[in-house]
Structures are given as structure tokens and as C-alpha cells.
Amino acid sequence: MEAALQGLASSMLVPASTFSDSAAKIGNVLEVVAVFFAVVLLVFYVAGKASGKLEKPVAIVVFLVPAVLLLLIGLVIPAIRTFYYSFYGATSAKSVGLDNYKWAFKTPAIQTVLKNTLLWIVIAPVLATALGLTIALMVDRMKRQAVVKSLIFMPMVISFVGASIIWNFVYNYRDSSQPQIGLLSKVVITLGWKHPPNWILSSPLNNFLLMVIMIWIQTGFAMVVLSAALKSVPDEIIEAARVDGAHGFRLFSSVQIPMIRSTLVVVLTTIMIATLKVFDIVRTMTGGNFKTSVVANEMYNQTFVQFNNGHGSALAVILFLGVTPLVAYNVIQLRKERATR
Amino acid sequence: MSAEALSADTATAVAPERPVKAVRKSLSNPLITAAVVALAVLWTIPTFGLLISSLRPARDVVNTGWWTFFAHPHFTLANYHDVLFKSGFGGTGGLFPFVVNSLAITIPGTLIPITIAAMAAYSLAWVRFRGSDAIFFTVFALQVVPLQMALIPLLRLYTHGAHIGGVQFLPSLPKGSYYPVWISHTMFGLPLAIFLLHNFISRLPADLMEAAKIDGASHFRIFRTIVLPLSTPALASLAIFQFLWVWNDLLVAITFAGGQNKVLPLTGRLAQLNGQFGAHPELLTAGAFVSMLLPLVVFFSLQRYFVRGLLAGSVKG
């Protein structure tokens, strides 16, 4: 306690410039935001003068053009260019045909990356959704479920970097003769496993340990959405099924789950898309070493560490092709829903 | 925070519970309750371990597991002080400047995209024209583009500007400024923001818009005086999401602000330090907790909006 007070006291000795600089920085930022809103309002005022035939086109241009331009510059054009550069060499100077793709599928290290990615998108989303569904079903009939839900949902709001630091204290390795600081080692040693491995270094186990982090984060999302879907199943249906003799597991499998199937698919695909793009966990836990790299991380490596734009672009395109069917499926669902509205 | 206060807080917040019917009540089972509580505890232990570690003296953190804290409680706030203000590790003056950077990135990175998205969502929902449906679906489908694809072209654009036939029509951005990070977050946040806001705004009552039109209000007036005020819940939930996404982001940060401590946010700094985990784990714990503090406060105080936002995209009705 004493040390704590000392800490507080000496924090008063921080150079004042740190705070004044910070205040100035935040001041500048707020100024930029104010200017932004002032410009928007000014444009609204001027454009609002347009009347008659001009009114609608002017409104469309003012409302839509900023977003469309930003999306074109930020996403559409880069995507097209990346596709194009994936057929060019490391410095984008010379066309190399399909070499970058051959490299991706033939280099053993990259094959490992692709295999890992495949494992990730199958295992992490399925387990996270299954766990989320199980918890949603279990809490559906519980009092005080809000507390449980908040605790399980909490990892969702933590950054991947924060999560990695948290999990370092779980996976930390010390020789078993020393006092442990990693929770996992401590638990298995207590349970009688004398010499646990160095978790993060042991392939292929380390891949699954990293997936546990993703599942830890995404289960809360699946649970909240599925729980809401379960609540929207009318009580009458459940009551009727119970009168007909459906209990426990049968009630879940033949009544509740079919009723929420479309939500289930949305949750699964959403987590899959997030998993395909997973970057931060691998980056901060292992840096992609020890055979744990995935496409999103390898792409970053190739481009920003190896400076091979061709390889990086090819990996980005492979990633893109992997996500496309999932998003296409969601778009089809969305169109159906929109048509029935 | 006491457990009771927390539960009272969240009971009303997370799920606006309907009156539970007698049928469902009769089904509750102590075994299941125990299992659920066990899961919740299991889910919380890693974070709890970090919190405990961050409050222990450096020597203890390095030498003994955090669970031994309960047998030998040594409590200190020194880690927090060191990590925030001292040039304890890395020699760049602690994390405090990076917290400021995170704020400086997050405030415009949240407000600007939401404003632009709200405008686009309104026009796609209420100023219909041929092709507005196509634009809407394209915007939704843009989720497909991995961020990584856009990084290099954007980096080039920011450093060189844009030229067409030797004429520069977009200037290059000064290195070491927040602009590249703000603009990137705006671009990347737009697809989801437009999609979710469109879902909400398109369901506003048409009579209201018609009445305003008859009174001679322009689209801009309708947007400002009817649409924005009525969309507050959707805007709030989206703002929370965008805030969390920007605050927690690492990829955009290290790409567009990497290597420039003047603008690097907290996540970028922590990732650098995490690479040297062996060096000062106790400071890293305090740093991580500092980075989690604001998101956790936002989550626990605004979770009603948070959950609503999650549901907008995925559950019908």
C-alpha cells in the first residue's frame, strides 16, 4: 500500500510538458473534427438551396459521393490493383504470369501456411459457434443470465494485442524444476504431467493453442446473437413441443435449432470471415514463427518484411477468393430477406 | 466494482428480458447453472490473471505465478506509474503519449466515418434512384476485401499523392501526421457502417418523410431534423463498434503510423513491447490493462446499445 502511495506521489513529478503537449494534440484533433462538421453543414446549406428538378440529383451527389469515392479509393481500386500485381514480380516491374501462385502452392513453408489457414477457418468458427450456442441454450432459462453473458462476452472488447498479453500468462513456459508463471503449465503439473512441453514452440499443438484465443474472443459474439434468436422463438411453440413430449436435447435439436438456423449460419460465416483475416493474434503471439503462420500474416510478411509485392499480392488474392463464397452466401440471404420485406 | 453492483448493472443492460414464462422457469436446473457459472469463471480467469499481475511488484511477476498473490499479497501501483510516465522501457517516455495518440486517432476515426455513412445510408434508403440497390449490395460485399489488399496502394497514395497525366489532383500527406490513419479507418469502417445504418434508417416511418416533404423540407433538412435524431440508438451502437475497432486496431496502425512514435497508438506500442516479453512482463501487464480500460468502461456502461448493434445485422425483426 505504501508503495502504491509513493507511486501516486511521484506521478506528480512528471514534466508538465508531457501534459501540455498532449492537451495541444487533442486540441488540434478536435479542431479538425470541428472543421469537418462545419464543412458538412456548409455544404448542406448551399446544396439545400437547389430546388425543382435539381433537388434530387444534388442530394444524391452530396450524400453519396463522399462514401463512394472513399470506398473506390480505399477498397475497390486497391483490390483491382492487387489482383493485377499478383501477376508481377517482387517490385511490380516485370510480368511473371502465374509464378507467384505456383510459388504459393509449391513452397513447403507456404503450404504449411495454407494448411494452417484451412485448419483455422474450419475449427475456430465451428467451435466458437457451437460453444456460443450451447451457452445460449443453457442460459436461456437461467435467472441472472446477464452477469454470465457479460463475463463471456467481455473478451470481445479487448484488443487482440491485449488478448495476446493475457494469454502469454497462460502459455508461458518455465522448466518444470522452477516455479511456474504460466497458468496452463501450472494446471497440468498439478494434475500430474511432470514435464509439460514449451507450448508455443510445439507444432502443431501451438496452432490449436492460438485458436483457443480466437474461440475465447468469438464465443461471446456467437452467444449474444444466438441467445437473442432463441428468445425470438415463440413460447407457444416450445410449450406445444413439450406437451408433445419433447424434452431436453430433443427439444433443442428438433425445435429450437431449426427455428434459428438462418441466424446460426450468419454467425458461423461472420466468424469465418473474421478468422480468415486473423492477423493480430498470430502476429503478437508468435510472429508467424514455429509453423503457426496464416495467410493474412504471411501476406504482411511478404510485403512489408521481405518486400516482395508479387508474393504478397498473390496471397491477398488467395485470401480474397477464400472469403468470397462466404460473403456471396450472405448477400444472397440478404437479398431474399430484402425481397420479402 | 462489487459483484452485486455489477450484476444489478448488467441485469438490466445485456438482455432486456421478457417476463420469463412459468414453463421456462420450471426447466431451470442447478446442474446446468453450475456448468454455466463454471464456464463464465473459466472465461474470466485469463483476464483476471492479467489484472492481478499488473498490481504485483516486478520481482513477484517474474518469479512466481499470479495465483500465489492470494497467499502472499504484495500490492503496488508502481507498474502503472512506470508504464504511463517513466521512460521505464524503450526510453520513449512511457505509454502516456501513446494513450494520447490512441485518443487522437480514435475520436475522428469514429465520428467522421459514421457521419459519412449516415449520409450514404439515408440516400440509399430514401433518395432512391436506378442503381441504388446495386450500390447497396456492392457496399455490403466490400467486406470481402481483406484490409491487407489495400495497404500498399494506399501507402503509395499517401506518400506520392495521385496524378493523372502529370497533373496532381490529390496532394501527398505529410509523414508523421494522423491523416493517413484517420482516412484509412474511415474507408475501412464504411461498408459495415453503411450496411447497419441503412438497415435502421430504411425502417423509419415513411409518413414522417412524406409529411416533411409536403411542408417543403429539403432532403438535407429531413436528414438533419428527422433522420439523425430518430437514428440516435443506431448511431450510438455503431459509434461504440467503430470506437472499439479503431481503438483496438493494430494492422492499420502499424502500417500507416508504424515507426513514428509521434503518432503510433497504444496497440502498436504494446505489440512492439510484447516482442520483448522477457524484459519487463510486469510493465506489459499494466500497459495491456491501460489499453483495455477504456473499452471495458465503454462496454459495461453502454452494453445495451452494444448488443443492439450486434443484432441489427444478424437477427431478423
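Laboratory data are not the source of any read-out in this text; all were calculated from the coordinates shown. Computed from a predicted model, the values in this text were never measured in an experiment. With ideal geometry, Cβ positions are generated from the backbone for all residues, glycine too; neighbour counts draw on all protein chains shown.
Note down the Stokes-Einstein diffusion coefficient of the stretch A:26-85 in µm²/s, whole number, using a Kirkwood radius over alpha carbon pairs, 20 °C, and 1.002 mPa s. In µm²/s, the coefficient rounds to 153.
Backbone amide hydrogens, once placed in the peptide plane, bring B:Ala162 within less than 5 Å of B:Phe169, B:Leu170, excluding anything fewer than 5 places away on its chain. Structural descriptor for the stretch A:176-322: relative contact order 20 percent, calculated from alpha carbon pairs under 8 angstrom and at least 6 residues apart.
Highest mean packing first, where packing is the average number of other Cβ atoms within 10 Å per residue, the peptides B:47-59, A:293-305, A:30-42 line up as A:293-305, B:47-59, A:30-42. Considering only alpha-carbon pairs that sit under 8 angstrom and 6 or more positions apart, the relative contact order computed for chain A is 24 percent.
Inverting the pair-averaged 1/r between distinct Cα atoms of the protein assembly as shown gives 26.7 Å as its Kirkwood hydrodynamic radius. Put simply, when B:260-267, B:181-188 are sorted by average Cβ atoms within 10 angstrom per residue, most first, you get B:181-188, B:260-267. Here are some pairs, A:Lys102/A:Lys291; B:Lys86/B:Lys262; A:Lys149/B:Lys86; A:Lys231/A:Lys336; which of them have Cα atoms lying more than 27 Å apart in this structure? Cα-Cα > 27 Å for A:Lys149/B:Lys86; rest within.
For the peptide B:114-121, the mean number of other protein chain Cβ atoms found within 10 angstrom of a residue's Cβ is 5. Per-residue mean of foreign Cβ neighbours for A:221-232 is 4 (Cβ atoms of other chains, 10 Å radius). Determine one quarter of the surface area of the Cα convex hull of chain A, which equals its mean projected area, and express it in nm² to one decimal. For chain A, the mean projected area of the Cα convex hull comes to 29.7 nm².
A crude spin-label estimate for the pair A:His247 and A:Ser262, with each label 7 Å from Cα along the Cβ direction, gives 3.4 nm. Long hydrophobic helices in chain A: the complete DSSP H runs spanning 30 Å or more by Cα along their own axis with mean Kyte-Doolittle hydropathy of at least 1.6 are A:16-47, A:108-139, A:205-231. Note on B:Leu170 and B:Phe70: the extension gain reaches 30.0 nm, defined as 0.36 nm multiplied by sequence separation minus the Cα-Cα distance. Per residue of B:209-220, other chain Cβ atoms within 10 Å of the residue Cβ number 3 on average.
So what's the gap between the Cα centers of the stretch A:211-249 and the stretch A:306-335, to the nearest angstrom? Each part reduced to its Cα centre gives a spacing of 31 Å. Sorting the segments B:294-303, A:49-58, A:115-124 by their mean number of nearby beta carbons within 10 angstrom, highest to lowest, gives A:115-124, B:294-303, A:49-58. Volume per residue of the convex hull around the Cα atoms, evaluated for the stretch B:68-179, comes out as 233 Å³. Averaging the Cα positions of each part gives two centres, and for the stretch A:45-77 and the stretch A:254-278 these lie 36 Å apart. The A:Ala93 and B:Asp133 beta-carbon pair, evaluated with R₀ = 45 Å, returns a calculated FRET efficiency of approximately 0.65. Summarising the label geometry, the points placed 7 Å from Cα in the beta-carbon direction at A:Gln111 and A:Ala34 lie 6.2 nm from one another. Each helix, a run of at least 4 DSSP H residues, gives -39500 (n - 2.57); summed and divided by the residues of the protein assembly as shown, these come to -22000 deg cm²/dmol at 222 nm. Distance between the modelled labels on A:Val46 and A:Asn289, one decimal in nanometres: 5.6 nm (7 Å Cα→Cβ projection). Phi angles of the stretch B:116-122 translate, via the Karplus equation with coefficients 6.51, -1.76, 1.60 and θ = phi - 60°, into HN-Hα couplings of 5, 5, 5, 4, 5, 4, 4 Hz per residue; Gly and Pro are given as x. The relative contact order of the stretch B:34-178 comes to 10 percent, based on Cα pairs under 8 Å that sit 6 or more residues apart.
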